[in-house]
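Written out below as structure tokens is the structure these notes cover.
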Amino acid sequence: MEIGKATAVACSNVPFIKYWGNRDNALRLPANSSLSMNLAGLVTKTTVAFDQHLERDEVVIDGEPAKGAARARVSTHMDLIRHQAGLRAAARVISHSNFPAGTGIASSASAFAALTVAACAAAGLHRTEAELSALARRGSGSACRSVPGGYTEWLMGQGNATSFARSLAPPAYWDLRDIVAVVSREHKAVGSSSGHSLAVSSPLHAARLLIIPALLTACKRALLARDLEAMGVIMEQDAVMMHAVMMTSRPPLYYWAPATLAIIHALQSWRADGLPVYFTIDAGPNVHLLCEADNAAEVRTRVQALPGVLDVLVSPPGGPAQLAEDHLF
Ligand code: PMV
């Protein structure tokens, strides 16, 4: 018998200042604060229903029953929520994303933000946005930035309760477009959860962390001034620094594919021609291109024509994670 059911929808997000490495892996307390934009075009919808007759959680992700580590990760997150709500019942969890998982488009961000909001509502837990964000962080660090809306900042905080994201500006504040050039749909070999624990093995990690506070301040200022050039230069520098940390960790992580670098080269020549567009790359080979809405059609046309680009996904800024009325089952 179902004893509580809810559905939530959450956007993925693209970080302008990245999160890489944890101070505390178990709690997912990050080594640095970060800043991102929610992506209205890349969303996950999740329905959670607690059922007294279920022996264990049943998890279906994108139409496939989740097994092994994927199911365990969802169940561990559900345990946190069950513990807070004083509930013992297992749950049926059905989740669907409208974009490929595990390829550096932050599928775990939208997935754990939607799961947190749906599961808390289904469990009858009333939580503030900051509390929901801190809870989502336990499932996937970047998920905390998908709980508040628009342009968000994840404050690294001192501990569990103070490490959450808050909104810096609503989606309508700046009409940017994130254009993802998909060059691979393969699931990445090393997921970010294990990647974070390798960061400390790179001699460049400490250097990156030293400069992050200054980059964050400058990036926030550029964002609030809607200055794409100022923000884009910082965003690109941090993305490449993060990948330098990845590539110099032991063992090293090489997420880039030949097409990744080809897109960066093409983008530099477009910029030299007067088209303002800037890149960032998460834990995968796909490239996020950031531009103003007016230039999105042109960037899309150019990027689609590049060799190795399989698909192009365009997103305006997205809102907060929200409850929805229409359940998935
Ligand atoms: O939230 P995770 O553990 O999937 O880590 C995400 C890490 C990056 O996407 C590479 C950077 C970021 O800030 O989201």
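The values are calculated or read from the model by the stated rules, or taken from the named source; none is laboratory data. Every value quoted in this text rests on a predicted model; they were computed, and no experiment measured them. Here the Cβ positions follow ideal geometry from the backbone for every residue, glycine too, while neighbour counts run over all protein chains shown.
Within the group ARG302, ARG250, which residue is part of a helix (DSSP H, G or I) and not aromatic (Phe, Trp, Tyr)?
ARG302
Of the strands (runs of 3 or more DSSP E) lying entirely inside region 1-89, those containing at least 3 residues that are more than 16 Å from the ligand (Cβ to nearest atom) and modelled with pLDDT of 95 or more are 2-17, 34-51, 58-61. Restricting to region 278-299, give me the number of residues that are free of Cβ contacts under 8 Å to residues at least 60 places away in the same chain, surrounded by fewer than 20 Cβ atoms within 10 Å (Cβ to Cβ) and in a strand (DSSP E or B). Counting residues in region 278-299 that are free of Cβ contacts under 8 Å to residues at least 60 places away in the same chain, surrounded by fewer than 20 Cβ atoms within 10 Å (Cβ to Cβ) and in a strand (DSSP E or B) gives 0.
Within the set THR152, THR116, the sole residue that is within 14 Å of the ligand (Cβ to nearest atom), farther than 17 Å from ALA8 by Cα and in contact with a helix residue (DSSP H, G or I) (Cβ under 7 Å, 6 or more places away or on another chain) turns out to be THR152.
A Cβ distance below 9 Å, combined with a sequence gap of six or more or placement on separate chains, defines the contacts here; from region 177-206, residues that are free of Cβ contacts under 8 Å to residues at least 12 places away in the same chain reach residues that are assigned to a helix (DSSP H, G or I) in the pairs ALA206/VAL200.
Mind checking which residues of region 94-113 are away from the ligand (no atom under 16 Å from the Cβ) and among the β-branched types (Val, Ile, Thr)? Working first, answer last.
Going through region 94-113, the residues away from the ligand (no atom under 16 Å from the Cβ) turn out to be 94, 96, 98.
Passing the criteria: only ILE94.
Every listed requirement among (1) over 15 Å from VAL14 (Cβ atoms); (2) surrounded by fewer than 19 Cβ atoms within 10 Å (Cβ to Cβ); (3) more than 14 Å from the ligand (Cβ to nearest atom); (4) not β-branched (Val, Ile, Thr) is met by SER167 save one, (2).
For region 138-158, check the following and say yes or no: at least one residue is at pLDDT 95 or above, part of a strand (DSSP E or B) and out of contact with any Leu (no Cβ under 7 Å at 6 or more places or on another chain).
yes
Check whether at least one residue in region 319-328 is outside any helix (DSSP H, G or I), aliphatic (A, V, I, L, M) and touching a His at 6+ places or on another chain (Cβ under 9 Å), and report yes or no. The answer is yes, given that some residue of region 319-328 is outside any helix (DSSP H, G or I), aliphatic (A, V, I, L, M) and touching a His at 6+ places or on another chain (Cβ under 9 Å).
Can you find a residue in region 290-298 that is in contact with a helix residue (DSSP H, G or I) (Cβ under 7 Å, 6 or more places away or on another chain), away from the ligand (no atom under 16 Å from the Cβ) and more than 20 Å from CYS11 (Cβ to Cβ)? Spell out how you get there, then give the answer.
Start the filter on region 290-298 by keeping residues that are in contact with a helix residue (DSSP H, G or I) (Cβ under 7 Å, 6 or more places away or on another chain), which leaves 290-292.
Still in the running and away from the ligand (no atom under 16 Å from the Cβ): 291-292.
Those left that are additionally more than 20 Å from CYS11 (Cβ to Cβ): none.
Within region 290-298, none of the residues are in contact with a helix residue (DSSP H, G or I) (Cβ under 7 Å, 6 or more places away or on another chain), away from the ligand (no atom under 16 Å from the Cβ) and more than 20 Å from CYS11 (Cβ to Cβ).
The set of residues in region 184-223 that are modelled with pLDDT of 95 or more and either among the charged types (D, E, K, R) or not in a helix (DSSP H, G or I) (or both) comprises SER202, PRO203, LEU204, ARG208, LYS220, ARG221. Note on region 199-214: residues that are of a type outside the set (Gly, Ala, Ser) and within 12 Å of the ligand (Cβ to nearest atom) amount to 1.
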